[in-house]
1. For segment 139-192, which residues satisfy the criterion of being buried (at least 17 other Cβ atoms within 10 Å of the Cβ), among the hydrophobic types (A, V, I, L, M, F, W, C) and more than 30 Å from residue 391 (Cβ to Cβ)?
2. I need the full set of residues from segment 418-436 which are buried (at least 22 other Cβ atoms within 10 Å of the Cβ) and among the hydrophobic types (A, V, I, L, M, F, W, C), in order please.
3. Name the residues in segment 1-18 that are surrounded by 10 or more Cβ atoms within 10 Å (Cβ to Cβ) and either of a type in the set (Lys, Arg) or within 24 Å of residue 172 (Cα to Cα) (or both), would you?
4. Only residues that are of a type in the set (Gly, Ala, Ser) and in a helix (DSSP H, G or I): list them for segment 9-59, please.
5. Quick check on segment 310-322. Is at least one of its residues under 19 Å from residue 113 (Cα atoms), in contact with a Gly (Cβ under 6 Å, 6 or more places away or on another chain), of a type in the set (Gly, Ala, Ser) and in the same structural domain as residue 156 (by TED's automatic domain parsing)?
6. In segment 396-416, which residues are surrounded by 18 or more Cβ atoms within 10 Å (Cβ to Cβ) and within 23 Å of residue 190 (Cα to Cα)?
7. Keeping to segment 152-184, report how many residues are over 18 Å from residue 129 (Cα atoms) and either of a type in the set (D, E, K, R) or at pLDDT 95 or above (or both).
Amino acid sequence: MAYREMDTQGWQVLDRAHYLHPFTDHASLRQGGARVAVRGEGIYVWDTEGTRIIDGLSGLGNVNIGYGRRELVEAAASQMLELSYCQSFFKTTHRSAVMLAEKLTSMLPDSLNHVFFQSSGSEANETAIRLVRHYWDLAGRPQKRMIIGRELAYHGSTHMAASLSGIPPMHSAGGDIPMPSVTHIKTAYQYRNGFGMDPAEFGVLAASWLEDKILELGPDNVAAFIAEPAQSAGGALCPPETYWPEIQRICRKYDVLLILDEVVMGFGRTGHWFGHRRYGIEPDILQLGKAITSGYLPLSATVISDRIADLLIDKGGEWAHGYTYSGHPTCCAVALENIRILDEEKLVENAGATLAPYFKAKLDSFIDHPLIGDVRSVGLMGGLEIVQDKATREAFPYEAHIGDYCAAEGLKRGLAFRANGDTMSLMPPLVTTIEQFDTIFDIAREALDATAKEFGVTA
């Protein structure tokens, strides 16, 4: 695309004048100005100053195959020339949506055979909750209305999705959030909720908080439990191996539907194709998004079990729910090509067998850093939790914004990594090499060292 010839300051002026950014302190942004990205290739992004940044976050956990893959561009262009748009209303379908739905269900558990498409994870979770409510109405149990989520969960930022999320600042961003039909339980965050416990025992304990909440509300009032296999925005929270089998047992015992939000974990992030494979989960509804297209176009999928779909189809009549861009032909075509690349290049298998063990070993080496209290990872998602006192696990005051300071130090040195609270998070692309990992962690250590110096922390 041909852009106007302007320097960085010119773009920043236009940006401040017209573009409101998501999840942003706009007063702070106006003071410093935005970094203006212009090009991406592999794991790198360049800005208008010519600075090359390693994208240690895969965008927002979505650019799994890296930037600049011509195959995805060609798949989009070909589909646009053939059929640029097709609605899925009025008994109409098209080939790329059908093929993608078939492909996805072939990769998932036998009970998951129906797919509903949206454009974002937030929309997918809106779909899931409407579907759950409609299902229980059709099943003659309309009193099952309550949805249980977890603290520090992230499920999107629409009204319902923000309610499902357990991140308090989101609840004050507008609207009556969380909605009264949503409640939250503590999550499997062992460093804060079960420090010193045997991990296997803690996993069972953390799962028991779901059973306690179901009994408190009354099983006949609980419609579903929603959770991510492992939590990214919550600070790279990875449950013990005993957690998910017990959650599954509790949901089945009380006939509570299990919604698994794999918008981040799907398509290789855990070192497996999907998080449910990594943890042995059998959900009633599965959410996919982000890396389904590696971020090249917006798309999400709600995959629905036969139990729910059969009742919806047989007794539901018209389900008056959907979006203009449900199953957009070009987005579906790009997703198919993205999955082909992941499969043929064995990117997920390499991530699990080679990259993830190296990634974990490099992360674990930070446990002796004077700022780091806990290290967590699964696959290619990891977190380094900054603390003020390693002995007591005391955190820095919120007002210190130490995580933000550390992220800025990383960016100065050419690495984008993220502060989720005071946990420094990494989610690198699946195409990252061992040599690139060495650079990533060298910069991360330099950023932490600079942060420790600034805040007066010594070994």
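The values are calculated or read from the model by the stated rules, or taken from the named source; none is laboratory data. The structure presented is a predicted model; accordingly, all values stated were derived computationally and were not measured. Using ideal geometry, Cβ is built from the backbone for each residue, glycine included, and neighbour counts are taken over all protein chains shown.
1. 146, 147, 148, 160, 161, 162, 164, 170, 177, 182
2. 424, 426, 427, 430, 431, listed by residue number.
3. Once the filter is applied, which keeps residues that are surrounded by 10 or more Cβ atoms within 10 Å (Cβ to Cβ) and either of a type in the set (Lys, Arg) or within 24 Å of residue 172 (Cα to Cα) (or both), segment 1-18 yields only 16.
4. Selection gives 10, 17, 27, 28, 32, 58, 59.
5. No, segment 310-322 contains no residue that is under 19 Å from residue 113 (Cα atoms), in contact with a Gly (Cβ under 6 Å, 6 or more places away or on another chain), of a type in the set (Gly, Ala, Ser) and in the same structural domain as residue 156 (by TED's automatic domain parsing).
6. Matches in segment 396-416: 396, 402, 403.
7. Residues flagged as over 18 Å from residue 129 (Cα atoms) and either of a type in the set (D, E, K, R) or at pLDDT 95 or above (or both) within segment 152-184 amount to 1.
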